[in-house]
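The structure under discussion appears below in the form of structure tokens.
The values are calculated or read from the model by the stated rules, or taken from the named source; none is laboratory data. Everything numeric in this text was worked out from a predicted model, so none of it was measured. For neighbour counting, all protein chains shown are included, and Cβ atoms are generated from backbone atoms with ideal geometry for every residue, glycine included. To get the accessible areas, we keep the full protein, side chains included, count just its heavy atoms, and leave off ligands, DNA and RNA. Shrake-Rupley method; radii C 1.70, N 1.55, O 1.52, S 1.80 Å.
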Amino acid sequence: MRAVVLVEGLSDRNALEALAERRGRDLTAEGVTIEPIGGAQAVGRFLERYGPRGLDVRLAGLYDVGEEGAVKRCLERAGLGSDLARADMERLGFYACVEDLEDELIRSLGVEAVEEVVAAQGELRSFRVLQRQPAQRGLPVEKQLRRFMGTHSGRKIHYARLLVEALDPARVPRPLELALSHVLQ
């Protein structure tokens with residue numbers, strides 16, 4: 001193993017693996033592991049394992065912007081810098097998703113394309129039912145789609161790959177593009 005991408009969960013891993021496959025890259029053959037860590041709060045433990053005090057492999061990571069403070073503190077505790085700003089974290093290979101992975105993918109694809117993916121899975125009717133629920137009425141469709149992805153166990157994981165496969169190669173979300181590029185240099 002020469003590089004590790006730390007991601008919060010399985011959906012992030014599926015998205016990055018799908019992106020690598022679309023680019024004809026074999027992460028295993030290239031010595032790259034994508035490690036789901038079970039949430040940003042666990043990043044410190046994985047930085048100890050893979051960072052300069054551990055295996056000292058090339059690192060990258062994806063995190064939700066709401067977790068930036070926790071990731072920053074963990075990077076600093078792992079000896080990867082001090083008083084880190086987002087630009088410093090990016091130089092280290094750690095990239096923020098504006099809200100989360102699903103938000104990034106929905107914005108990159110656009111509502112219509114995401115709904116086509118949902119329809120191809122036979123779930124458009126279920127999505128329309130969710131849209132009619134009182135708590136969902138009046139919300140932007142993008143937020144409704146994010147909620148839909150999280151309503152059933154495994155749905156975010158399943159759709160992460162499908163949404164990446166549906167992306168125009170020129171519209172890959174910046175955090176995914178940069179995290180993968182960071183470890184494939």
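Worth a mention:
- Restricting R137, R155, R128 to residues that are among the basic types (K, R) and open to solvent by less than 60 Å² (accessible area, probe 1.4 Å) narrows the list to R155.
- The condition of being over 19 Å from E165 (Cα atoms) and under 21 Å from the mean Cα position of the chain (by Cα) holds for only one of L109, L75, that being L75.
- Checked against (1) touching a Leu at 6+ places or on another chain (Cβ under 7 Å); (2) modelled with pLDDT under 95, L176 passes all but condition (2).
- Pairs are defined by a Cβ separation below 8 Å, a sequence spacing of at least 6 or placement on different chains, a first member in the range 133-148 that is within 16 Å of V98 (Cβ to Cβ) and in contact (Cβ under 8 Å) with a residue 40 or more places away in the chain, and a second member that is acidic (D, E) and open to solvent by less than 80 Å² (accessible area, probe 1.4 Å); the pairs so defined are L145/E102; L145/E115; R146/E99; R146/D100; R146/E102; R146/D103.
- Failed item, numbered, when G66 is tested on (1) open to solvent by 10 Å² or more (accessible area, probe 1.4 Å); (2) more than 15 Å from D100 (Cα to Cα); (3) of a type outside the set (D, E); (4) in a helix (DSSP H, G or I): (2)
- Residues in the range 69-92 that are in a helix (DSSP H, G or I), of a type outside the set (D, E, K, R) and touching a helix residue (DSSP H, G or I) at 6+ places or on another chain (Cβ under 8 Å): A70, V71, C74, L75, M89.
- Scanning the range 32-45 for residues that are outside any helix (DSSP H, G or I), at pLDDT 95 or above and open to solvent by 20 Å² or more (accessible area, probe 1.4 Å) yields T33, E35, P36.
- Positions within the range 87-100 being modelled with pLDDT of 95 or more, aliphatic (A, V, I, L, M) and within 15 Å of the chain's Cα centre (by Cα), in sequence order: A96
- Reported count of residues in the range 10-31, each being of a type in the set (D, E, K, R) and not in a helix (DSSP H, G or I), is 4.
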